[in-house]
Amino acid sequence: MRFKEILRLAFGLMLVAFLLHRLGPGDVARTILSAKPAYVLMAVSVYSITFLILSTRWRMILHDMGVDVPLKSAYQAFAGGMILSDITPARIGELSRPLLVRERIEMSRGLASIVLDRLSDILTMFMLGACGVILFFRERGEVVLIPLVLAIVALASAAILHSRRAISEMLRSSDRLAPLALFFDSLTAVNDIRFVMTRSVLLTVIAWATHALRVHILASSVGQEPSLQMLFLMLPLVSALSLIPVSVSGLGLVEGGMAALLATQGIPASTGLSIAFMDRMVTVAFHIIAGWRAASRAI
């Protein structure tokens, strides 16, 4: 493990320790232990459906690029990539996903598919988050910064996609940058990129509905009932905290953000933190169970 990775992990653990110190480790532990097992299993089942939606989205993008990957392989590779994203800053481990199906796909096309896949995530985060801020937090100016940053990233990415052919030709003229042209050539393989992105965003919206349902079920397991509409619109902004590369997979940042979000629903901060920890445990455990075999190929 490199020194920078150790620092990020240490920073995340320090954030978790700080949150536990402020909110009471005993209260958090008691809340987690009081969760109803049937509800937790239900949350896992919902997450399996989320993965089916997201792996189908990625598979459709690959199909539009002229690559056919069986659904089972795409599902396992998606889960395997998420294992690696759970231990990397800004979830860059997801870029390993094409390695897990390298016998079926060229790396340049695989990386291009991940870019389109992640862009659909960012666009959806911006749209849902902006609606959530307007509906629930329009009087709190600092919250607006998150969808604003996402909007800037989305617009910049859209501009690059629009100019992908010109960028590819420019890169090809340079000996040093010529290998990058293969990546943009893969993007040009998508004929109707507007249709592909529109469909991907719609699937992502459905996936976020299941994310919200999962967290709602986990909250219900400890006797809390947050607004499902609020979770649907605001959880994407909490998830966006994992893209800040100061800790491993947003460790501490996401948990603190979710506790703060649930606190706006009248849920005690210690209970909100417990729900965030349960969600982290459910998702990471599912990634390991569903994707360990695939992830072992890239380790």
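General remarks:
- The Rg/Rh ratio for the stretch 1-149 is 1.03, where Rg is the radius of gyration of the alpha carbons and Rh is the Kirkwood radius.
- Annotation: amide H-H contacts under 5 Å for VAL248 (H modelled 1.01 Å from N, sequence separation of 5 or more, or interchain): LEU9, GLY12.
- Computed 3J(HN,Hα) for the stretch 112-124, one whole-Hz value per residue from the Karplus formula 6.51 cos²θ - 1.76 cosθ + 1.60 where θ = phi - 60°, is 4, 5, 5, 4, 5, 4, 6, 4, 5, 5, 5, 4, 5, glycine and proline marked x.
- The ellipsoid that matches the Cα gyration tensor of the stretch 25-91 has semi-axes, each √(5λ) in whole angstrom, of 33, 16, 8, with the longest given first.
- With coordinates expressed along the principal axes, the C-alpha atoms belonging to the stretch 185-272 extend over 51, 29, 18 Å, beginning with the largest.
- Taking every protein chain into account, the accessible area of the stretch 4-128 amounts to 47 square angstrom per residue (probe 1.4 Å).
- Distance (nanometres) between label positions extended 7 Å along Cα→Cβ at ALA285 and ILE206: 2.7 nm
- Cα→Cβ-extended label distance, 7 Å offset, between GLN265 and VAL44, nm: 2.3 nm
- A Förster distance of 30 Å, applied to the separation of the beta-carbon atoms of MET107 and ALA10, puts the FRET efficiency at 0.40.
- Taking every Cα-Cα distance in the stretch 48-132 and sorting them into 10 Å bins from zero, the calculated P(r) comes out as 18, 52, 26, 4, 0 percent.
The values are calculated or read from the model by the stated rules, or taken from the named source; none is laboratory data. Note that the coordinates shown come from a computational prediction; the quantities given were computed from them, not determined experimentally. All Cβ positions, glycine included, derive from the backbone under ideal geometry; neighbour counts span all protein chains shown. Remember, those area values only see protein heavy atoms, side chains included, never the ligands or the DNA or RNA. Shrake-Rupley method; radii C 1.70, N 1.55, O 1.52, S 1.80 Å.
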